[in-house]
Amino acid sequence: MAHGLLRHLRDLHSLGPANNDHLSALRVAVSVAVPSLALLVFGRPDLIIYAVFGALTGMYGRSEPHQLRLIHQTQAALVLLSGVGVGIFLSVNHLHSWWLVGVEAVLAGIGSVFSDRVNLKPNGPFFGILALGACASVPITIPWFAALVIAAASAAFSIAVGFGGWVRGRKWQPGAVRAATPLGGLRRQAAVIHAARYVLAVGTAGSIGVLSGSGHPHWAMAAAAVPLAGADLPSSVHRGLHRMVGTFLGLVLVAVVLLPAPWAPLTFFPGAEAAVLAVLVIIFQFTTELFMTRHYGLAMVSFTPVILLMTQLAAPADPYVLITERAVETVVGAVVGILVIVLVRRRTVRLRPSS
């Protein structure tokens, strides 16, 4: 038992093998940078949040042949744009609090079935429900369809970047298909159980966030979904712990950026602060993808500033409140997710290993 515990502790901080991570990170960074900088040039840094969630399409299919990456990223774009679209709908109609919890919990279950069926990598509906909650939590300042077009155009550009290397002379592979999971018999039962865990974890975490008076219950819901992407109990617990520790370290970076002292001189230059935040979002997204498959905790150190900085661009808030609520909601969500994993175990076939 002691040997097993030591092995799990080593796994908690060990780096996975490298696999051309810098190329994947560069593709995602370019996908984020071009639409974000374009919006910055047009004086609309508040809309970068929609561009970034569309650009996260580039995180999928990182090591696949180009034609399979094209299919994979199209499937991922459907998940992300569905989240953005529903989030925009909730924002436009001022449907927050319990509406957000109910809608996001249900769509987490639906997204779980879809992502298991098409074998999305990264696993699960996490980025879709993250996009939903984030877009629902910020006021929309342009027509709803324009915001959705920004996200869709960003996703399309991301797919083009991911497919772009094919023009160097790669051959098309006739008959190549992405591996999918047939949901028949026991696998369908496993998928339903897994989807029910998403509904339970996301709904419970969001309910706690609403009852506690948090202004960002969607952060707890997103954090609750993280452990559920693990292939087994140890990997699920590791992901939950990585989420918490990585977020806390990321919040230190956020504090350095958002708290006023270091950046006070920028207040004398209109738009300078927004430009700095936009550039930092691009940089942090690059380092997020650099470690996403090697060490989830290190990836969260960078991804936490991405989410908070683009949220701050879209709807400026008191940085102290923003940082505090992010920390609390992350702990609540991760703990709820781990508890659901422990209490609602898979008693049928395992769906697939985690990436």
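The values are calculated or read from the model by the stated rules, or taken from the named source; none is laboratory data. Treat the numbers as computed from the prediction; the structure is a model and nothing was measured. Here Cβ is always computed from backbone atoms with ideal geometry, including for glycine, and neighbour counts include all displayed protein chains.
Taking the conditions exactly as written (surrounded by fewer than 23 Cβ atoms within 10 Å (Cβ to Cβ) and touching a residue at least 12 places away in the same chain (Cβ under 8 Å)), does V192 satisfy them or not? Taking the combined requirement at face value, the residue satisfies it.
Restricting attention to the range 149-183 and to residues that are assigned to a loop (DSSP other than H, G, I, E, B) and touching a Lys or Arg at 6+ places or on another chain (Cβ under 7 Å), the residue that is modelled with the lowest pLDDT turns out to be L183. For beta carbons closer than 7 Å, sequence separation of 6+ or different chains, a first residue in the range 79-106 that is within 13 Å of G133 (Cβ to Cβ) and free of Cβ contacts under 8 Å to residues at least 24 places away in the same chain and a second that is hydrophobic (A, V, I, L, M, F, W, C) and part of a helix (DSSP H, G or I), the qualifying pairs are W99/L90. Restricted to the range 291-321, and to residues there that are of a type in the set (F, W, Y) and crowded, with 19+ Cβ neighbours inside 10 Å, the residue that is modelled with the highest pLDDT is F303. In the range 96-109, the residue that is surrounded by the most Cβ atoms within 10 Å (Cβ to Cβ) out of those that are within 15 Å of S207 (Cα to Cα) and among the hydrophobic types (A, V, I, L, M, F, W, C) is A108.
Counting the residues of the range 60-103 that are under 23 Å from F163 (Cα atoms) and touching a Ser or Thr at 6+ places or on another chain (Cβ under 8 Å) gives 7. Just one of the listed residues (L26, L78, L90) is out of contact with any Cys (no Cβ under 6 Å at 6 or more places or on another chain), surrounded by fewer than 24 Cβ atoms within 10 Å (Cβ to Cβ) and at pLDDT below 95, and it is L26.
Whether any residue in the range 89-110 is among the hydroxyl-bearing types (S, T, Y) and within 16 Å of the chain's Cα centre (by Cα) is what I want to check. Can you show your working first?
The initial filter retains those residues of the range 89-110 that are among the hydroxyl-bearing types (S, T, Y), namely 91, 97.
Pick out the ones that are also within 16 Å of the chain's Cα centre (by Cα) and you get none.
No, the range 89-110 has no match at all.
Looking across the range 205-255 at every residue that is charged (D, E, K, R) and either in a helix (DSSP H, G or I) or touching a Pro at 6+ places or on another chain (Cβ under 6 Å) (or both), the one that is surrounded by the fewest Cβ atoms within 10 Å (Cβ to Cβ) is identified as R239.
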